[in-house]
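Quick notes on the structure that follows.
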Amino acid sequence: MRALRLVILGRQGSGKGTQALRISETFGCIHISTGDMLRAAVAAGSELGRQAEEVMNAGGLVGDDIMNGIVAERLGADDIMANGVLLDGFPRTSDQADALERICADQGVAIDRAINLDVPVDVVRERMVARGREDDTPEAIDKRLALYEEQTAPLLDWFGARDLLTTVDGVGSEDDVFERISAVIGR
């Protein structure tokens, strides 16, 4: 099987993390989250990792210039080139998607598919409240969901315009949702 390059999208509480692990285990691609990439770059002490660490230590958000460079480094690594990747949390914006497209082109590969795990807002809100995390207050949940809608709607359009987007119904048992995702990836 050829190495897959996938992106998974979905609101907080959509089950994205659970499904990402199952996709990675089943299809052999390496699940990489934005946080994983940042931590690895900082731990490796690369120039971009040092720059990211400075920004994070100052309480800032790592900008696209640094993040795109870290992504390019990680996607060019031997394990990703051999096994493929499932990106989780990148891209977050259309500008990052443009950068991802350039990174892949430079490496002679392309994104195979972006999977949007669609779960209605009222359902993800219930799931997040049920998790019982301290930071899952109704106000915080609403703020995170609003930010996701603001940032992700253009991203869905971006992947859709390139015929790379498949929306999967994320409501149901973990197994049912995974079957839907597997059917999409298997095509």
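The values are calculated or read from the model by the stated rules, or taken from the named source; none is laboratory data. Just so it is clear, the structure is predicted and the values come from calculations on it, not from any experiment. As a convention, Cβ positions derive from the backbone with ideal geometry for all residues, glycine included, and neighbour counts pool all protein chains shown.
Results, tabulated for the structure shown:
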| quantity | calculated |
| --- | --- |
| Pairs, first surrounded by 13 or more Cβ atoms within 10 Å (Cβ to Cβ) in region 162-187, second in a helix (DSSP H, G or I) and among the basic types (Lys, Arg), C-beta under 6 Å, six or more apart | Val168/Arg180; Phe178/Arg22 |
| Pair list, Cβ < 6 Å and 6+ apart or interchain, from region 123-143 residues that are of a type in the set (Asp, Glu) to residues that are in a helix (DSSP H, G or I) and surrounded by 14 or more Cβ atoms within 10 Å (Cβ to Cβ) | Asp136/Met128 |
| Which listed residue, of Arg144, Arg180, is in a helix (DSSP H, G or I) and under 19 Å from Asp122 (Cβ atoms) | Arg144 |
| Region 130-154, residues that are small (Gly, Ala, Ser) and either over 19 Å from the mean Cα position of the chain (by Cα) or at pLDDT 90 or above (or both) | Ala130, Gly132, Ala140, Ala146 |
| Single unsatisfied condition, Gln151 versus (1) surrounded by 19 or more Cβ atoms within 10 Å (Cβ to Cβ); (2) touching a residue at least 40 places away in the same chain (Cβ under 8 Å); (3) over 16 Å from Leu6 (Cβ atoms); (4) not hydroxyl-bearing (Ser, Thr, Tyr) | (1) |
| All helices (runs of 4 or more DSSP H) inside region 41-114 with 1 or more residues being touching a residue at least 40 places away in the same chain (Cβ under 8 Å) | 64-75, 78-83, 94-106 |
| Within region 31-52, tally of residues that are surrounded by 18 or more Cβ atoms within 10 Å (Cβ to Cβ) and either under 30 Å from Phe178 (Cα atoms) or not polar (S, T, N, Q) (or both) | 10 |
| In region 1-34, the residues that are touching a strand residue (DSSP E or B) at 6+ places or on another chain (Cβ under 9 Å), in contact (Cβ under 8 Å) with a residue 12 or more places away in the chain and in a helix (DSSP H, G or I) | Lys16, Gly17, Gln19, Ala20, Ile23, Ser24, Phe27, Thr34 |
